[in-house]
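Take a look at the structure set out below.
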Amino acid sequence: MAGNLVKVGMADYKVGRSPSTLISYGLGSCIGVSLYDPLRKIGGLLHIMLPDSTQARSSDNPAKFADTGIPLMINDVVALGASKARLVAKIAGGAQMFSFASASDAMRVGTRNAETCKQILRRNGIKLIAEDTGGTYGRTVSIDLATGSYKVKTIDRGEKDI
Amino acid sequence: MIDEFDLTPAQLDAMREIGNIGAGNSATALSQIVNKKIDMNVPQVSLIPIEDVPDLVGGPDALVVAVFLRVYGKAPGNILFVMPKKNAFYLVDGLMGKPLGTTQELDEMGASALKEAGNILAGSYLNAFFHFTKISMLPSIPALAIDMAGAILNVVLVQLGQMGDYAMVIETKFLAEDDSINGHFFLVPDPGSLSTIVKAVGVE
């Protein structure tokens, strides 16, 4: 891993260029959405908590939701010099950490997060080229902006590049 | 609904006192089960940005064991008992009457013991809570996870995240005399529950 490591908190996003690496720790039902322009080596990482800002009470933080966070990050990477047409996306997360027989909506939010992210990416014309979602375990994700490699680390299920 | 920013110092004190009595009861229960003196600190009642909550237990990628219970009743919420893995294994040893350090991996028996401990802690906490507020509440069956703290806390934070950007947490640290069984006990009331609780204690 070359360059500096930039931490992305929950309900936050960061954009940058090679040789930086953007990392977000400990995602459960949250999703880490990465964007990357392979030619300009510019990208971003967004850590969303919830799918839909219209179903929540007002929030000062658009990065908390898929529907408001993704367009915001697209604008920022384009402003940094990426080409929107070349952007590719990868997503990881969306787990269900505890399984109850009577799982409430809040428990299944991981699945809804993943579905909404895909929908918002599609609506914005961004191609989703890889995903690692679902399951019952946490993930730490990072994108190396020199290569576009998106690493997904887990406690018991090893580490993979998607 | 009472705005969480507007709790008066007296109301915050009342919340702290509820946490104190609840956690005191839990600590006593725990120390009786494992036959060890267990202390607790004065509960922290704090309103913190949601994204900072994982820092309370060592950061979002800290490996922890957590027992999670949903709380049903007039003031619903969530209870989480979070421990570093090492301490959770010590607790299993204590619960099973084995020498400290015996448990190296969590089998079904150990997992079940931890869930039961979570159950007892939550039950004694809510029982004390009832005596103070007359709000009767019941815990769900416990669920257990061993994973990154951030991922586990997600479950609780997502529900709060729907309502706002801050979390009201009543947090108590447990500490065994020999440092073996340390953990964090969280009561996280649902956003709407706070006003119910404050009203019940009758503090302006």
Project the alpha carbons of the protein assembly as shown onto their principal axes and report the range along each, largest first, in whole Å.
63, 50, 35
For the stretch A:112-162, report the % of Cα-Cα distances exceeding 15 Å.
55 percent
Students sometimes get this wrong: rank B:GLU105, A:GLU159, A:GLU131 by accessible area, probe 1.4 Å, all chains present, largest first.
B:GLU105, A:GLU159, A:GLU131
Comparing each residue of the stretch A:13-43 in the complete protein assembly with the chain by itself (heavy atoms, probe 1.4 Å, ligands and nucleic acids ignored), those losing at least 40 Å² of accessible area are A:TYR25, A:GLY26
Pairing the Cα long axis of helix A:66-79 with the longest principal axis of chain A, what angle in degrees results, from 0 to 90 and rounded to the nearest 10?
10 degrees
Mind checking the dipole of the stretch B:59-204: about its Cα centre, +1 per Lys or Arg Cβ, -1 per Asp or Glu Cβ, Debye to the nearest 20?
500 debye
In nanometres, the difference between 0.36 nm per residue of separation and the alpha-carbon distance of B:GLU177 and B:ASP39 is 48.9 nm
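I need to check one value: relative contact order of the stretch B:4-199, counting alpha carbon pairs closer than 8 Å and at least 6 residues apart, in percent.
Computed over the stretch B:4-199, the figure is 36 percent.
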Label zone at B:GLU105 (point 7 Å along Cα-to-Cβ), backbone N below 17 Å, the stretch A:121-162
A:155-158
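What FRET efficiency, computed as 1/(1 + (r/R0)^6) with R0 = 22 Å and r the Cβ-Cβ distance, is obtained for B:LYS98 and B:THR28, rounded to the nearest 0.05?
Values: r = 23 Å, r/R0 = 1.02.
FRET efficiency, B:LYS98 to B:THR28: 0.45.
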Test of understanding: in a Gaussian network model of chain A with alpha carbons linked when under 10 Å, which of A:ILE74, A:ILE129, A:ILE42 would top the mean-square fluctuation ranking?
A:ILE129
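In the protein assembly as shown, what percent of the accessible surface is made up of carbon and sulfur (1.4 Å probe, ligands and nucleic acids excluded)? Don't skip to the end; give the middle numbers.
Values: 7610 of 15040 Å².
On the protein assembly as shown, the fraction of accessible area on carbon and sulfur atoms equals 51 percent.
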Within the stretch A:120-162, list the residues whose amide N lies under 18 Å from a label point set 7 Å along Cα→Cβ of B:LEU63.
A:136-141, A:152-160
Pop a pseudo-label 7 angstrom from the Cα along the beta-carbon direction at both A:ASP52 and B:LYS199 and give the gap in nm to one decimal.
2.9 nm
So how strong a dipole does the stretch A:5-145 carry about its Cα centre when Lys and Arg Cβ are +1 and Asp and Glu Cβ are -1, to the nearest 20 debye?
340 debye
If you build a Gaussian network model of chain B, linking Cα atoms that sit under 10 Å apart, which residue out of B:THR133, B:THR172, B:THR102 swings the most?
B:THR102
Where does helix B:149-161 land angle-wise versus the long Cα axis of chain B, in degrees 0 to 90, nearest 10?
20 degrees
Can you give me the angle between helix A:109-123 and the longest principal axis of chain A, using Cα atoms only, in degrees from 0 to 90, rounded to the nearest 10?
40 degrees
May I have the convex hull volume per residue, in Å³, for the Cα set of the stretch A:63-162?
102 Å³
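In Å², nearest 100, what accessible area do chains A and B bury in total when the solvent probe is 1.4 Å?
2500 Å²
Please compute the contact order of chain A in relative form: average sequence separation of alpha-carbon pairs under 8 Å and at least six residues apart, divided by the residue count, as a percent.
27 percent
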How about the stretch B:152-179: which of its residues lose at least 20 Å² of accessible area in the presence of all protein chains relative to their chain isolated, using a 1.4 Å probe?
B:ASN154, B:VAL155, B:VAL158, B:GLN159, B:GLY161, B:GLN162, B:MET163, B:ASP165
Please compute the contact order of the stretch B:14-116 in relative form: average sequence separation of alpha-carbon pairs under 8 Å and at least six residues apart, divided by the residue count, as a percent.
19 percent
Take chain B, connect every pair of alpha-carbon atoms lying under 10 Å apart with a spring to form a Gaussian network, then pick out the residue of B:GLU177, B:GLU108, B:GLU116 with the largest mean-square fluctuation.
B:GLU108
Probe 1.4 Å, all protein chains present, accessible-area order of A:ILE23, A:ILE155, largest first
A:ILE155, A:ILE23
Report the number of Lys pairs in the stretch B:1-146 whose alpha-carbons are under 20 Å apart, with separation of 8 or more residues or on distinct chains.
12
Rounded to the nearest whole number, the per residue volume of the convex hull around the C-alpha atoms of the stretch A:5-145 in Å³ is 93 Å³
Regression test value, accessible area per residue of the protein assembly as shown, probe 1.4 Å, units Å², expected 41 Å²
Quarter of the Cα convex hull surface for chain B, i.e. its orientation-mean projected area (nm²)
10.2 nm²
Can you tell me the dipole magnitude for the stretch A:1-78 around its Cα centre, using point charges on the Cβ only (Lys, Arg +1; Asp, Glu -1), in Debye to the nearest 20?
260 debye
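The values are calculated or read from the model by the stated rules, or taken from the named source; none is laboratory data. Computed from a predicted model, the values in this text were never measured in an experiment. Here the Cβ is made from the backbone with ideal geometry for all residues, glycine too, and neighbour counts use every protein chain on show. These area figures cover heavy atoms from the full protein model, side chains too; ligands, DNA and RNA do not enter into them. Shrake-Rupley method; radii C 1.70, N 1.55, O 1.52, S 1.80 Å.
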